[in-house]
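Have a look at the structure below, then the notes.
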Amino acid sequence: MASRCWRWWGWSAWPRTRPPPAGSTPSFRHHLSTQEKTLQICVVGSGPAGFYTAQHLLKQHPQAHVDIYEKQPVPFGLVRFGVAPDHPEVKNVINTFTQTAHSGRCAFWGNVEVGRDVTVPELREAYHAVVLSYGAEDHRALEIPGEELPGVCSARAFVGWYNGLPENRELEPDLSGDTAVILGQGNVALDVARILLTPPEHLERTDITKAALGVLRQSRVKTVWLVGRRGPLQVAFTIKELREMIQLPGARPILDPADFLGLQDKIKEVPRPRKRLTELLLRAATEKPGPEQAARRAPASRAWGLRFFRSPQQVLPSPDGRRAAGVRLAVTRLEVSLMFPKDTSFPGLCHPSTPAWCCPHSPQQGVGEATRAVPTGDMEDLPCGLVLSSVGFKSRPVDPSVPFDSKLGVIPNVEGRVMDVPGLYCSGWVKRGPTGVIATTMTDSFLTGQMLLQDLKAGLLPSGPRPGYAAIQALLSSRGVRPVSFSDWEKLDAEEVARGQGTGKPREKLVDPQEMLRLLGH
C-alpha cells in the first residue's frame, strides 16, 4: 500500500503545495495545474557530478525541482572524502554546492542508499527524469597472488581512512615498516605518498581525521616508491602534484637519470602540459639542486622515488606467511606499434565505444605513436612493509534495472543518456570512468543536463505531473529510513567546526554515521 500512496492526490501527499484556506476542500484541478508546471528531477549522488548536474538544470529550467539523494549522512562526495587534507583550496567548490542546495527548488536527502532503501524503478516512477551521479565507489583489483595479505590495501581505502570516509574509519594501516610501495603513478598515488611523508606537524592544522593523524605521528615509513609499468612520458599525475612532491619538506626525490635518457628530443612534439611535466621530471632527475634546494634536502630523513618499467606480479609474504613483505616486479619495456585491434577499448577513458587505437587518453598512446609495456623476462623484488594499490577506481552497479558494463566499470550511455532506458541519465565517473579533475566533471555534468533538457523539449520525458519526493518520502518512512536534510547537515557541519576549534583545525570530521544520526536526534 505504501508504494502506491503517492497516487493519492490528497494534501498530505504534497508537502510543497500551499495548503487550502481553512474550511475549504482540496481541489484536484489546483494540484494538477501546480504540479504539471514542475519538472521533477532526481539526482543520485551528492559529489561534484551530482551538484553540477543539479546546478545546470536549476539554472536552465525555471520550473525544475531537483532532489539529490546521498547514501552518506553528509554531502559533497569526493570533495569531502577524496581531496587531500593539505589541499583546502580545492574544497572551496563546496561554497558553490551549498548555494545550489540552498535554492528553493533543490533538496538534499542524505542517509538514503539507492538500490537498498529505494530502487531506481521507484525513483523513475516518482520523477520525470533520474540522473545517476554516484561516482566510482570501488577500486580496481591487482589480480595478483598475495593481494589479500595483511599490509596490502587500496589507495582509495587509505585516502578514505585519512579523510574520514565512514566505511574506512577502522582501516588501521600498519606503518611500522620503513618502506612503502605504491603501485600506480597518478595523482592519487602522489597524494598518498605526500601524506605518508609530510611531517605530522604540517598536517595537524588540516581537516585530516584525529585517528589518522595519531597513526601518522607514530609512522616509521621513511621511503616511498611509486611504481609504474611504463616510462616517464606516460605518468598520469599532473605538474602541480609533482612540484609539491619535489618541494616536500623533509623529503628528497630519488630519480634515476638513466630512465630519462633521450627524452629531451622526444618531448619536442608533445602537447604543452605533458612537455612541461616531463621537463620538470628531467630537471629533478638530472640537474644538481641549487643552494636553497640543497640546503632544504640536506637534513631530509625521508625519500620518495619513481620506479619506471615495472609491473607487479606478486605480493611477497613474510617468512611466517602472515603479512606482506615485498612486491615482485616484472621488468618491462615499451613496445611501439601503429596498429591495434579496433575492438580494443580501455576502461575509464573515452566513451566505452572509443577504441584504444584512436583514444587520445589511451594508455597505448605514446609520443606520436602507440606504446604498451611488455615484459622482458627479468624480475625484481622490492622489499616493503606496506603495499598500496593505486591502479584506478571503478563504479559499482546500483540497481539490477540499470544497464552496467562490468568490464569498463561504467553505465553504458551516449552523451549521458543511459542506453535503452528513456528518462534515465548519468554524469561523472559512473558515466565516463574515473578520469579528470573537478573541472572536467563540471563540463561533463553540464553536458548531461543539456541532453536531459533536449529530451524534455523533444517530448521524450513523461508528460503530466510527477509526485517527486512526496512519493519517496512515504516509501522511506514505511521502510524505517530517516533521511538527513541539508539543514541537518549544517548542524553536523557546525559541530565539526566547533570540535576542530579546540585543536586549531578547520574542523574535526565526524566519521561514525550512527553518531551523526544521534546528534540529529534520529
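Amide H neighbours of A303 under 5 Å, counting only residues 5+ apart in sequence or on other chains, H built in-plane at 1.01 Å?
Residues meeting the criterion, in which the H sits 1.01 Å from N, are T223, V224, R252.
Provide the FRET efficiency to the nearest 0.05 for the S485-D378 pair, computing r from the beta carbons and using R0 = 45 Å. Write down the numbers at each step before the final one.
On the way: r = 59 Å, r/R0 = 1.31.
With R0 = 45 Å, the Cβ-Cβ based efficiency is 0.15.
First compute the accessible area of the chain with a 1.4 Å probe, then give the percent of it belonging to carbon and sulfur atoms.
Looking at the chain in its full context, I get 52 percent from C and S.
Give or take rounding to whole Å, what are the principal axis extents of the alpha carbon atoms in the chain, in descending order?
Its Cα atoms span 85, 58, 46 Å along the three principal axes.
Let me know the shape class of region 372-512, please: from the alpha-carbon gyration tensor, a ≥ b ≥ c as square roots of the eigenvalues, rounded when a/c is under 1.5, otherwise prolate if a/b is greater than b/c, or oblate. Write out the running numbers ahead of the final one.
On the way: a/c = 2.17, a/b = 1.15, b/c = 1.90.
Here region 372-512 falls in the oblate category.
For a quick check of understanding: with a 1.4 angstrom probe and all protein chains in place, what accessible area in square angstrom does D320 have, to the nearest ten?
100
Near the amide H of Q314, under 5 Å away, which other amide H atoms are found, from residues 5 or more places off or on another chain, if H is placed in the peptide plane?
Correct list: R328.
Helix-derived [θ] at 222 nm for the chain: sum -39500 (n - 2.57) over DSSP H runs of at least 4, divide by residue count, nearest 500? Each step should come with its number before you reach the end.
Details: 18 runs with 165 residues, N = 522.
The per-residue figure over the chain is -9000 deg cm²/dmol.
In what sequence, largest accessible area first, do V511, V430 appear using a 1.4 Å probe?
Numbers: V511 40, V430 0 Å².
Ranking V511, V430 by accessible area, largest first, yields V511, V430.
Accessible area per residue, 1.4 Å probe, Å², for the chain: what's the number? Could you put the intermediate results ahead of the total?
Working: 23900 Å² over 522 residues.
Value returned for the chain: 46 Å² of accessible area per residue.
Return the sequence-ordered ³J(HN,Hα) values of region 175-185 in whole Hz as given by the Karplus equation 6.51 cos²θ - 1.76 cosθ + 1.60 applied to θ = phi - 60°, using x for Gly and Pro.
So the J values, rounded to whole Hz, are 10, 7, x, 8, 10, 10, 10, 10, 8, x, 9.
Could you tell me the calculated FRET efficiency between S406 and Q293, based on Cβ-Cβ distance and R0 = 41 angstrom, to the nearest 0.05? Intermediate values should be presented prior to the final figure.
Details: r = 47 Å, r/R0 = 1.16.
Using R0 = 41 Å, I get an efficiency of 0.30.
Under a straight-distance cross-link criterion of Cα-Cα below 19 Å, which lysines are reachable from K275, leaving out those fewer than 8 residues away in the same chain?
Within reach: K240, K266.
Taking just the alpha-carbon atoms of region 460-514, what radius of gyration and Dmax come out, in angstrom?
Over region 460-514's Cα set, Rg and Dmax evaluate to 17.9, 55 Å.
Distance check, please: which entries in K37/K71; K431/K457; K407/K431 exceed 19 angstrom between their Cα atoms?
Working: K37/K71 29 Å; K431/K457 23 Å; K407/K431 14 Å.
K37/K71; K431/K457, as the Cα separations exceed 19 Å there.
Cα atoms only, region 173-275: Rg and Dmax in Å?
Expressed in Å, the Cα Rg and Dmax of region 173-275 come to 15.6, 48.
Hey, if you put +1 on the Cβ of every Lys and Arg and -1 on every Asp and Glu Cβ in region 471-522, which of L476, W489, M516 ends up farthest toward the positive end of that dipole?
L476
Using a 1.4 Å probe and ignoring any ligands, DNA or RNA, find the accessible area of W225 and quote it in Å² to the nearest 10.
Counting only protein heavy atoms, the figure is 40 Å².
Enumerate the calculated ³J(HN,Hα) couplings along region 60-75 in order (Karplus 6.51 cos²θ - 1.76 cosθ + 1.60, θ = phi - 60°), each rounded to whole Hz, writing x wherever the residue is Gly or Pro.
In residue order, the calculated couplings are 8, 10, x, 9, 6, 10, 10, 9, 9, 9, 9, 6, 6, x, 10, x Hz.
Straight distance only, please: which aspartates and glutamates reach the Cα of K210 with their own Cα at less than 18 Å, same-chain residues fewer than 8 apart left out?
K210 reaches D86, E167, E170, E172, D174, E201, D493, E495, E496, E508, D512, E515.
Given labels modelled 7 Å from the Cα in the Cβ direction, how far is it in nm from V331 to N95?
5.3
Please list, ordered by chain and number, the residues whose modelled amide H lies under 5 Å from the amide H of F108; skip anything fewer than 5 residues away on the same chain.
Correct list: I68, F486.
In terms of the Cα gyration tensor, with a ≥ b ≥ c the square roots of its eigenvalues, is region 52-112 rounded because a/c is under 1.5, prolate because a/b exceeds b/c, or oblate?
Working: a/c = 2.88, a/b = 1.57, b/c = 1.83.
Here region 52-112 falls in the oblate category.
For R499 and R274 in one chain, what is 0.36 nm times their gap in residues minus the Cα-Cα distance, to one decimal in nm?
Full-extension gain reported as 76.7 nm.
Give me a comma-separated list of calculated 3J(HN,Hα) values for region 201-211, in order, Karplus coefficients 6.51, -1.76, 1.60 applied at θ = phi - 60°, integers in Hz, x for any Gly or Pro.
With the stated coefficients, region 201-211 comes to 5, 7, 9, 5, 10, 9, 8, 4, 5, 4, 5 Hz.
For the chain, what is the relative contact order in percent, using Cα pairs closer than 8 Å and at least 6 residues apart in sequence?
On the way: 1019 pairs, mean separation 118.9, N = 522.
Over the chain, the number comes to 23 percent.
Calculate the spin-label point distance for R283 paired with V414, positioning each point 7 Å from the Cα along the beta-carbon direction, and give it in nanometres.
Here the modelled spin labels are 4.8 nm apart.
Fully extended, how many nm does the chain gain between L519 and T238 (0.36 nm per residue separation, minus their Cα-Cα distance)? It would help to have the intermediate numbers written out before the result.
Values: separation 281, 0.36 × 281 = 101.16 nm, distance 4.03 nm.
Additional length available on full extension: 97.1 nm.
For K407, K491, K275, what's the largest-to-smallest order of accessible area, 1.4 Å probe? Provide the component values of the computation, followed by the final result.
Numbers: K407 160, K491 130, K275 70 Å².
Greatest to least solvent exposure: K407, K491, K275.
The values are calculated or read from the model by the stated rules, or taken from the named source; none is laboratory data. As the structure is a prediction and not an experimental result, all values here were calculated from the model. Quick reminder, even Gly has a Cβ in these numbers, built from the backbone with ideal geometry, and neighbours come from all protein chains shown. Just the protein is used for accessible areas: all its heavy atoms, side chains included, with ligands, DNA and RNA removed. Shrake-Rupley method; radii C 1.70, N 1.55, O 1.52, S 1.80 Å.
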